[in-house]
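Inspection log for the structure reproduced underneath, given as structure tokens.
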Amino acid sequence: MPAEWEPHAGTWLTWPRPEGISFPDKYDTVPPVYAELIRHLVQVEEVNINVWNQEKEDWVRGLLLKEKTPLERVHFHHFPAYEPWCRDHGPIFLVRENNKQRERAVVDWAYNAWGGKYPPFDLDDAVPQHVARLRQLPLFSPGIVMEGGSIEVNGCGTVLTTTACLLNPNRNPHLNKTEIEKYLCDYLGANQVLWLGEGIVGDDTDGHIDDLTRFINPTTLVTVVEEDPADENYGILQENLQKLQRFKNPEGQPFRVVTLPMPGVIEYDGQRLPASYANFYIANKIVLVPTYRHKNDSVALDVLQKEFTGHRVIGVDSTELIWGLGSFHCITQQEPSNL
């Protein structure tokens, strides 16, 4: 599995449905956030959008045009899914070099809506199969539950994940830690798995890594830390930081660890939301970072811009999107270049 910063052929999204359960009573505020995100993405790569049917495609086209988002690089696919979290239900692409040709394939992990929390999910689970057929790519089906947001790779053999998610009995209760590691190494082409512990408060995925810690190059990790000792996230994130500082790559070298702040407590309707600057998406030449109308927005953007010297770091307001309990990394899935 290539790293996210490696060249993309495009980005996959699944358009949220007003009938879905992800944005109760606030759906109308979400499509404009998608439109802004797509407006940035089409400047640097193709965008593929899964929609329910032709009627929904026509509606989305109209909205994007109204929001002044160019459609020349936007491609619609009638691959229906109940909810929009394409990172978790979408295809995981693999690449290899064979006789000086770059070949691609798709891994189709099973998807059960984060431990059966939000049925039905059969249509979401089928999305990777549709994409593999569309691209005429080999499809590998490990037969175990795994979400894209639960794994982070550096493209050089290391997978980062959390025990809170992957060892949760609502995913693969028949597998132990060693067995799960073997699946990750076998199906992602990795040679080591590093484990963090708990996820941030409010995360209904049971601790996805993409709200905590991300690779930004093969040897550097960025991780969120909470500055307020009274905050529920403080101890969780300190413990993860200490683990990261002890991790080493397969050659025995420690990783460089850079810290990002957290945006404080973001709530809606009395519910704490899993707002995190770590949920950014790396596209070709740009990095799209969620912001939350908080004083730490500018701090996080500055930290990431210093690290991403070859990319333009762009903050996009995610305050409405986070009500669905996810942000930009959760709704995107990269398709690596075939060149």
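Derivation of every value follows stated rules applied to the coordinates shown; laboratory data play no part. Everything numeric here is computed off the predicted structure, so don't read it as measured data. A quick note on method: Cβ atoms are made from the backbone with ideal geometry, for glycine too, and the neighbour counts reach across all protein chains shown.
For segment 8-336, give the share of DSSP beta bridges that are antiparallel, in percent and rounded to the nearest 5; count only bridges with both residues there. Roughly 45 percent of the beta bridges in segment 8-336 run antiparallel, per DSSP. Between A230 and R96, the modelled label-to-label distance comes to 5.6 nm, taking each label 7 Å out from Cα in the direction of the beta carbon.
Using the count of nearby Cβ atoms within 10 Å as a rough guide to exposure, how do Y111, Y268, Y27 rank from fewest to most?
Going from sparsest to densest Cβ surroundings: Y268, Y27, Y111.
Beta-bridge orientation, segment 189-339: approximately 45 percent antiparallel, per DSSP, counting only bridges with both partners inside. Counting only Cβ charges, +1 for Lys and Arg and -1 for Asp and Glu, the dipole size of segment 33-75 around its Cα centre is about 120 debye. Dipole check for segment 8-336: with +1 at the C-beta of Lys and Arg, -1 at the C-beta of Asp and Glu, and the Cα centre as origin, the magnitude is about 1140 Debye. In the chain, the DSSP-assigned H stretches of four residues or longer account for a calculated mean residue ellipticity at 222 nm of -7500 deg cm²/dmol, using -39500 (n - 2.57) per stretch and the full residue count as denominator. Under 5 Å between amide hydrogens, built in the peptide plane, is the criterion, and for T14 it picks out N50, C86 among residues at least 5 positions away or on other chains. Work from the charge dipole of segment 212-339 (Cβ charges, +1 for Lys and Arg, -1 for Asp and Glu, about the Cα centre) and give the residue of H311, G235, W323 farthest towards its positive end. My answer, from the dipole projection, is H311. Once a ≥ b ≥ c are taken as the square roots of the eigenvalues of the Cα gyration tensor of segment 223-339, is the result rounded (a/c under 1.5), prolate (a/b larger than b/c) or oblate (a/b not larger than b/c)? Oblate.
Separation of segment 60-132 from segment 243-260 is 31 Å, based on Cα centroids. Rounded to whole numbers, the Karplus 3J(HN,Hα) couplings from phi for segment 308-324 are 8, 5, x, 10, 9, 8, 10, x, 10, 4, 10, 4, 6, 5, 5, 4, x Hz, using 6.51 cos²θ - 1.76 cosθ + 1.60 with θ = phi - 60°, and x at Gly and Pro.
Only lysine pairs 8 or more places apart or on separate chains count here, and in segment 8-336 those with Cα atoms under 23 Å apart total 14. Rounded to the nearest 20, the size of the Cβ-charge dipole of segment 1-121 about its Cα centre is 140 debye, with Lys and Arg at +1 and Asp and Glu at -1. Consider a paramagnetic label point 7 Å from the Cα of C156 along Cα→Cβ; state which residues of segment 195-236 have an amide N under 15 Å from it. Once the point is set 7 Å along Cα→Cβ of C156, 215-222 turn out to lie under 15 Å by backbone N, inside segment 195-236.
If you look at the Cα atoms of segment 8-336, you get an Rg and a Dmax of 18.7, 57 Å. For I92, the residues whose modelled amide H falls within less than 5 Å of its own, excluding neighbours fewer than 5 places apart on the same chain, are V107, W109. Listed values for segment 158-164 are Karplus-derived 3J(HN,Hα) couplings in whole Hz (6.51 cos²θ - 1.76 cosθ + 1.60, θ = phi - 60°), namely 10, 10, 10, 8, 10, 5, 4, and x replaces Gly and Pro.
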